[in-house]
Amino acid sequence: MTRRISIFGSTGSIGQNTVDLIARDPDAYDVVALTGGANIQLLAEQARSLNASLAVTAYDDRLEDLRSALTGTEIEVAAGAQALCDAADRPADWVMSAIVGAAGLYPGFAALRHGGALALANKESLVTAGPLLLAEAQKHSARILPVDSEHSAVFQALVGEDMDAVERIVITASGGPFRDWPLEAIAKATLAEAVAHPNWDMGQRISIDSASMFNKALELIETREFFRIDPDRIEAVVHPGSIVHALVGFKDGALMAHLGAPDMRHAIGYALHWPERRDLPVSRLDLAAIGTLSFEHPDETRFPALRLAREVMATGGRAGAVFNAAKEAALDAFISGQIGFLDMAAVVEATLESIDTEMSLSIPPQSLDCVAKVDHLARHTARNHAAARSH
Ligand code: NAD
Ligand code: MG
């Protein structure tokens, strides 16, 4: 039986890895929709090779480019934010949510209505609107399958286990390129240095978030939202090798660890074939060649994002949406050269503080509209804080 699938963000790093897996067994899938951004050539190439029914670019002004790249095919084309949500309205059995940033929330949310599986790489969805997303999935008997490597690892370690037996969840962090840099050097870090991740090959934005540990901060909140576990039972540990992805500690003292090569096709493939396990084209670990696995405590002074994540988890409610939007705006400001590397955390902290005086952050958002309003306000506030720190 062929499975109907859609990939949101197919031209990105996660998207391309997903396409790679699908392309290995094309007869098994019926590709409903592929979506991308400015890389029209790649989107068109993917749509042709997978014989997709629909290709969507997020940018309205690229519609004609996409149309001409797909002339001579039967593939429908569309553009813009609404077209992304319309694409999610087309029934599919398995949908990959791999748009980067809060923009990924809306199509992912819309896709849940079909009651299929939502493979969730877009961690921002859970950080900004976790309870709304989980409630929507439950309402339609849809299944959210985590794709972030740490959360996939936890999900796998929990198979057959009772959440009541879980004492703690430990997610690992590589520590990124600045793991052993002194604070003064981190303050002067350049864009090129921040993008160079030691172990994982990822999109630009998540690579910089890994260097600042904002990625791990988002993942702590993602863990809290997805597994519904108390924040004080979630830990992040630095593990420079990126071999162990996460561990689950049970109340009898056992720790179940998930090990694997740093290749996102494992987590994507697990979500694709779940609840089965199938052969995946990922390299197998040679443990003797690896030799040792090392772990260390993260340093919240050099990486303040982790401290901020703890505060966000303690506050709950809208704090996640503010945190994520402020982080995205601060990241834009760093990428454009407006602010320095450590200013990103300062901007996010200042944004959380100023919005907290305007509204009670702990009140949960009641709808996606509410999330969008909070997101808008937080971006605006963060841009002002970034402008004030601009060098
Ligand atoms: P990427 O930047 O490589 O790709 C992002 C995709 O989203 C592209 O297809 C791009 O065209 C599209 N996109 C960007 N802005 C958009 C917008 N405003 N509207 C619609 N589409 C837009 O990103 P990535 O590294 O593949 O990450 C995607 C998601 O997966 C992120 O949420 C990230 O945190 C998560 N994730 C990534 C990795 C990884 O290894 N890359 C690992 C775990 C989780
Ligand atoms: Mg991760």
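The values are calculated or read from the model by the stated rules, or taken from the named source; none is laboratory data. Keep in mind that what you see is a predicted model, and the values were worked out from it rather than measured. Here the Cβ positions follow ideal geometry from the backbone for every residue, glycine too, while neighbour counts run over all protein chains shown. All accessible areas refer to the heavy atoms of the entire protein, side chains included, with ligands and DNA or RNA removed. Shrake-Rupley method; radii C 1.70, N 1.55, O 1.52, S 1.80 Å.
Using alpha carbon centroids, what distance separates the stretch 1-39 and the stretch 171-201, in Å? Here the two parts' Cα centres lie 31 Å apart. Distance between the 7 Å Cα→Cβ label points at residue 276 and residue 228: 3.0 nm.
What the phi angles of the stretch 265-281 give under the Karplus curve with 6.51, -1.76 and 1.60, with θ = phi - 60°, is a coupling list of 5, 5, 5, 5, x, 4, 5, 5, 9, 3, x, 8, 10, 10, 4, 10, x Hz, glycine and proline written as x.
If you take every residue apart from residue 40 with its C-beta less than 14 Å away from the C-beta of residue 40, what net charge results, scoring Lys and Arg +1 and Asp and Glu -1?
Around residue 40, the charge tally is -2.
FRET efficiency for the residue 71 to residue 23 pair, using the beta carbon distance and R₀ = 25 Å, is estimated at 0.65.
Of the solvent-accessible surface of the chain, computed with a 1.4 Å probe and all protein chains present, 50% belongs to carbon and sulfur.
Quick one: accessible area per residue over the chain, 1.4 Å probe, rounded to a whole number of Å²? Present the calculation step by step, with values, prior to reporting the outcome.
Numbers: 16630 Å² over 391 residues.
Ligands and nucleic acids excluded, the figure is 43 Å² per residue.
Give me the Kirkwood hydrodynamic radius of the stretch 316-391 in Å, from all C-alpha pairs, to one decimal place? Kindly include the intermediate steps, with their values, before the conclusion.
Numbers: mean 1/r = 0.0829 Å⁻¹.
12.1 Å is the Kirkwood radius here.
Note on the stretch 50-71 and the stretch 237-298: Cα centroid distance 37 Å, given to the nearest whole angstrom. Overall, the chain carries a charge dipole of about 160 debye about its Cα centre when +1 sits on the Cβ of Lys and Arg and -1 on the Cβ of Asp and Glu, all other atoms neutral.
Sorted largest first by accessible area at a 1.4 angstrom probe radius, with every protein chain in place, the residues 174, 283 fall in the order 283, 174. Over the stretch 3-146, one equal point on each Cα, no solvent: what is log10 I(q)/I(0) by the Debye formula at q = 0.13, 0.14, 0.22 Å⁻¹? Reported log10 I(q)/I(0), two decimals: -0.49, -0.57, -1.37.
How many angstrom separate the Cα center of the stretch 358-379 from the Cα center of the stretch 124-166? For the stretch 358-379 versus the stretch 124-166, the Cα centre distance is 22 Å.
Could you sort 106, 59, 270 by accessible area so the largest value comes first, with the probe set to 1.4 Å? The partial results should precede the final answer.
Numbers: 106 75, 59 115, 270 20 Å².
The ranking, largest first, comes out as 59, 106, 270.
For the stretch 296-385, GluC sites (Glu not before Pro) are listed when DSSP marks them as loop and at most 15 other Cβ atoms sit within 10 Å of their Cβ; the list is 300. Its relative contact order, with pairs defined as Cα atoms under 8 Å and 6+ residues apart, puts the chain at 14 percent. Binning the alpha carbon pair distances of the stretch 166-311 at 10 angstrom intervals from zero yields the distribution 10, 36, 38, 14, 1, expressed in whole percent.
Contact order normalised by length for the stretch 3-146, with contacts defined as Cα pairs under 8 Å and 6 or more residues apart; what percent is it? Across the stretch 3-146, relative contact order equals 22 percent. When the Cα atoms of the chain are aligned to their principal axes, the ranges along those axes come out at 56, 50, 40 Å in descending order.
Heavy atoms only, 1.4 Å probe, whole protein assembly: order 201, 286, 375 by accessible area, highest first. Can you show the working numbers first?
Numbers: 201 135, 286 90, 375 25 Å².
If we order 201, 286, 375 from most to least accessible, we get 201, 286, 375.
The helix-based estimate of mean residue ellipticity at 222 nm for the chain, built from -39,500 (n - 2.57) per DSSP H run of four or more residues and divided by its residue count, is -14000 deg cm²/dmol to the nearest 500. Full extension of the segment from residue 359 to residue 283, taken as 0.36 nm per residue of separation minus the current Cα-Cα distance, would add 22.4 nm.
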